[in-house]
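The values are calculated or read from the model by the stated rules, or taken from the named source; none is laboratory data. Predicted, not measured: the structure shown is a model, and the values here were computed from it. Using ideal geometry, Cβ is built from the backbone for each residue, glycine included, and neighbour counts are taken over all protein chains shown.
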Amino acid sequence: MRPMLASQGAAIPHGPDWTHEVKWDGMRVLADVTAGRLRLLSRNENDVTTSFPELSILAGPGMPDDMLLDGEVVSLDSGLPSFSSLAERMHISDARKAGKLSATRPVTFMVFDLLRLHGVDLTSRPLAARRQALERIGLGGPNTQVPPTYDDGDALYAATLAQGLEGVVSKRLSSTYSPGRRSRDWLKFAHRASMSVVIGGWRLEADSAHRLGAVLVGTPTPQGLLYRGRVGSGLAGTEQERVLTALQDLSVDAPPFADKVPKVDAQGTTWVRPEVVVDVRALGVSTHGRLRQPAYRGLRPDLSPVDLQENVQDEGRTRLPDHEIDLTAVLVDGHRLRLSNLDKVMYPATETTKAEVLNYYARVAPFLLPHLADRPVTRIRWPHGTDGPSFFEKNLPPGAPSWLRCVAVPTSGSRSESGTDTIHYPVVDGAAALTYLVNLASLELHVPQWRFDANGQPRNPDRLVIDLDPGAPAGLHECAQLALLVRERLERIGLRTAPVTSGSKGMQLYAALPGEQDSGTICDIAREIAQELTRLRPELVLWKMTKSLRPGKVLLDWSQNAAAKTTIAPYSLRGKEAPLVAAPRTWAEIERGAERRDFLTQLDMDDVLARVASDGDLFAAALGQP
């Protein structure tokens, strides 16, 4: 038997005919106890009994020797389901290994339906009767639970959102059980869309010969496998090995997708037979059918592409959600923000929307905010997306909320855009300020190398920056060669450096300073390094901005250390055709990039999200900071 499935709901139903349950983030399992022996069957009827030996208590003393239970196997971490933890258990077929994991990472079987008891088939009886019989069995303990049901679906939805749970399932109390069918008598309401998709290709992480960077996924339909986009976020650590192992014997010469894969995604991809199913989360689906900001959750050995195709036929459409998550009003750090035009495409080449941009900045905020805090932040805004006009903005925007702090800074030279001699810079000291500015289409965030003191006065710079700007045909290969020379010069004077590919053409090198010297002195130090390296490698390095000398060389721009100059902040997006990022890199990457042409490439936001998820803050690590 295959389990009954819920349909996507549009609005939580009300009234005495409905009951509501927590939607668990786990693996659907039927537990069949026959003659006192237990079999655990996955949604596609695979036997997974060996994977979860702690559930043998279902056939233990005091339990009925004949029953069929429907429920969800979950792995609880601090009381909340963790699908990534469960994914490590789902693949285990070795009884000894499963036994060890059951002691260190036990699962819990959340039982919500009873389909057979003492040889009597209960599927034709109403849910209310089945539920009463289930509660009389006496399940409960460390590895089995019968979760409660609730009368108020709206209150449960709000509570699960606040607690970080998956969502709500609403069920009609009079409904019978329809094995293997998706019914409108059961409705699901997830807080963040999750779905199962099929891998049709994979590509290595940029600048790596071994690390999996992304998988290209699709949805089986009667028209064939339809392309849904590239998934990179969440592919880290042992999950990379699991996915590559699952795909290693499936390579094919041509894309398995029925529709066209964009060139930017297809480049460097190894195509595979569409046999491996994975779960992803997404912010929804674009009008072109692409997943918005997808994140990998885990392999689904309990599902096959046929299962997904059956779902399509049952619903008369794909399994992808037919709604968008409403993010128009959010609470960030205690401040209520109203977000606008979330569906607006900001990056045409990748159909990246403002919602995805906001999500990116929210997820990198812990790494980005230290570069913005107490610095004047200049923004470049693209109100109509990167294929439209842009403009610089320094002043606090008109209509800014009263809680958004600003600092007044006298201008030097020309007047500010407000027509005065003073610029009122917003202070980006937390996620709320960052979210407010990004909602105004501020894709790029630029900062100087100094910070304000407690009185709003500029301090001495706390870091030095060297900007490496290649003139075609020079590129990142030449920048990497020069970066190694700059690193060696800075190490001579006791400074450690952190490399950042700019998201445009070149890269920046940063070194932390104690703040004892002013901007002019730091400029002099940077200029001396630039002049020395120009003398040493005149075929590679240029320290003057003479345009006629730029082709084939790398400008070592020391002037970015001037008090009035700003540089793109590490982890900031760039206003390019695609969502490229000023991305911190490892020195190992730079060293390989100096050896091999075309090894280094600029990274996009999915690449960066995958890196911070697995490696944390590479910028701080390069400087030896915790």
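Go through segment 469-515 and count every residue that is in a loop (DSSP other than H, G, I, E, B), of a type in the set (A, V, I, L, M), in contact (Cβ under 8 Å) with a residue 40 or more places away in the chain and farther than 23 Å from residue 597 by Cα. First the steps, then the outcome.
The initial filter retains those residues of segment 469-515 that are in a loop (DSSP other than H, G, I, E, B), namely 471-475, 493-496, 502-506, 513-515.
Narrowing further to those that are of a type in the set (A, V, I, L, M): 472, 474, 493, 495, 513.
Pick out the ones that are also in contact (Cβ under 8 Å) with a residue 40 or more places away in the chain and you get 472, 474, 513.
Then keep just the ones that are farther than 23 Å from residue 597 by Cα; that gives 513.
The number of residues fulfilling the criteria is 1.
Working only within segment 516-563, note down all residues that are acidic (Asp, Glu) and outside any helix (DSSP H, G or I). Across segment 516-563, the qualifying residues are 516, 518, 539, 557.
Run residue 233 past the list (1) surrounded by fewer than 20 Cβ atoms within 10 Å (Cβ to Cβ); (2) more than 11 Å from residue 212 (Cβ to Cβ); (3) in contact with a strand residue (DSSP E or B) (Cβ under 8 Å, 6 or more places away or on another chain) and report the number of the one that doesn't hold. The single condition residue 233 does not satisfy is (1).
Looking only at residues that are among the small types (Gly, Ala, Ser) and part of a helix (DSSP H, G or I) in segment 429-454, which one is surrounded by the fewest Cβ atoms within 10 Å (Cβ to Cβ)?
We begin by selecting, within segment 429-454, every residue among the small types (Gly, Ala, Ser); these are 430-433, 441-442, 454.
Going one step further and asking which of them are part of a helix (DSSP H, G or I), we end up with 431-433.
On the way: 431: 18, 432: 20, 433: 25.
If we take residues in segment 429-454 being among the small types (Gly, Ala, Ser) and part of a helix (DSSP H, G or I), then 431 is surrounded by the fewest Cβ atoms within 10 Å (Cβ to Cβ).
Could you list, in sequence order, all residues of segment 49-68 that are closer than 25 Å to residue 305 by Cα and either modelled with pLDDT of 95 or more or buried (at least 22 other Cβ atoms within 10 Å of the Cβ) (or both)?
51, 52
For segment 394-415, the count of residues that are without any contact (Cβ under 8 Å) to a residue 60 or more places away in the chain, surrounded by 13 or more Cβ atoms within 10 Å (Cβ to Cβ), part of a loop (DSSP other than H, G, I, E, B) and among the hydroxyl-bearing types (Ser, Thr, Tyr) is nonzero. Candidates are the residues of segment 221-273 that are over 25 Å from the mean Cα position of the chain (by Cα) and of a type in the set (Val, Ile, Thr); the one that is nearest to residue 289 (Cα to Cα) is 221.
Condition first: among the hydrophobic types (A, V, I, L, M, F, W, C) and either closer than 29 Å to residue 25 by Cα or at pLDDT below 90 (or both). Now tell me which residues in segment 262-297 satisfy that.
First pass over segment 262-297, keeping only residues among the hydrophobic types (A, V, I, L, M, F, W, C): 264, 266, 271-272, 276-278, 280, 282-283, 285, 291, 295.
Residues satisfying the conditions are 264, 266, 272, 276, 277, 278, 280, 282, 283, 285, 291, 295.
Would it be correct to say that residue 124 is closer than 26 Å to residue 167 by Cβ, in contact (Cβ under 8 Å) with a residue 24 or more places away in the chain and of a type in the set (S, T, N, Q)? The answer is no for residue 124. Reported count of residues in segment 221-257, each being in contact (Cβ under 8 Å) with a residue 24 or more places away in the chain, over 18 Å from residue 606 (Cα atoms), hydrophobic (A, V, I, L, M, F, W, C) and touching a Phe, Trp or Tyr at 6+ places or on another chain (Cβ under 8 Å), is 5. Are any residues in segment 1-32 among the acidic types (Asp, Glu) and either modelled with pLDDT under 90 or at positive phi (or both), and if so, which ones? Result: 25, single match.
Return the residues of segment 236-253 that are over 12 Å from residue 212 (Cβ atoms) and among the charged types (D, E, K, R); say none if nothing qualifies. Outline the logic, then answer.
Let us first name the residues in segment 236-253 that are over 12 Å from residue 212 (Cβ atoms), namely 249-253.
Result: 249, 253.
Within segment 509-566, the set of residues being more than 37 Å from the chain's Cα centre (by Cα) and of a type in the set (Asp, Glu) comprises 516, 518, 524, 528, 532, 539.
Counting only residues that are charged (D, E, K, R) and not in a strand (DSSP E or B), segment 332-349 holds 3 of them.
When 520, 624, 552, 593 are screened for being loosely packed, with under 15 Cβ neighbours inside 10 Å, under 23 Å from residue 492 (Cβ atoms), small (Gly, Ala, Ser) and in contact (Cβ under 8 Å) with a residue 60 or more places away in the chain, only 624 passes. Looking at segment 150-164, is at least one residue in the same structural domain as residue 33 (by TED's automatic domain parsing), surrounded by 14 or more Cβ atoms within 10 Å (Cβ to Cβ) and assigned to a loop (DSSP other than H, G, I, E, B)? No, every residue in segment 150-164 fails to be in the same structural domain as residue 33 (by TED's automatic domain parsing), surrounded by 14 or more Cβ atoms within 10 Å (Cβ to Cβ) and assigned to a loop (DSSP other than H, G, I, E, B). Suppose we keep only residues that are outside any loop (DSSP other than H, G, I, E, B) and modelled with pLDDT of 95 or more within segment 455-468. Which one would you say is nearest to residue 555 (Cα to Cα)? Among those residues, the one meeting the criterion is 468. Set side by side, the residues 35, 95 differ, and just one is at pLDDT below 95, in contact with a Pro (Cβ under 9 Å, 6 or more places away or on another chain) and loosely packed, with under 14 Cβ neighbours inside 10 Å, which is 95.
Please indicate, with yes or no, whether at least one residue in segment 52-69 is more than 20 Å from residue 133 (Cα to Cα), in a helix (DSSP H, G or I) and among the β-branched types (Val, Ile, Thr). No - not one qualifying residue is present in segment 52-69.
Residues that are touching a helix residue (DSSP H, G or I) at 6+ places or on another chain (Cβ under 9 Å) and small (Gly, Ala, Ser) were ranked within segment 165-182; the one that is surrounded by the fewest Cβ atoms within 10 Å (Cβ to Cβ) is 174. The residues on offer are 187, 250, and the sole one that is closer than 25 Å to residue 166 by Cα and either surrounded by fewer than 22 Cβ atoms within 10 Å (Cβ to Cβ) or touching a Gly at 6+ places or on another chain (Cβ under 6 Å) (or both) is 187.
Scanning segment 412-454 for residues that are more than 14 Å from residue 397 (Cβ to Cβ), at pLDDT 85 or above and more than 21 Å from the chain's Cα centre (by Cα) yields a count of 10.
In the set (1) in contact with a strand residue (DSSP E or B) (Cβ under 6 Å, 6 or more places away or on another chain); (2) more than 30 Å from residue 281 (Cβ to Cβ), residue 386 fails one condition alone, (2).
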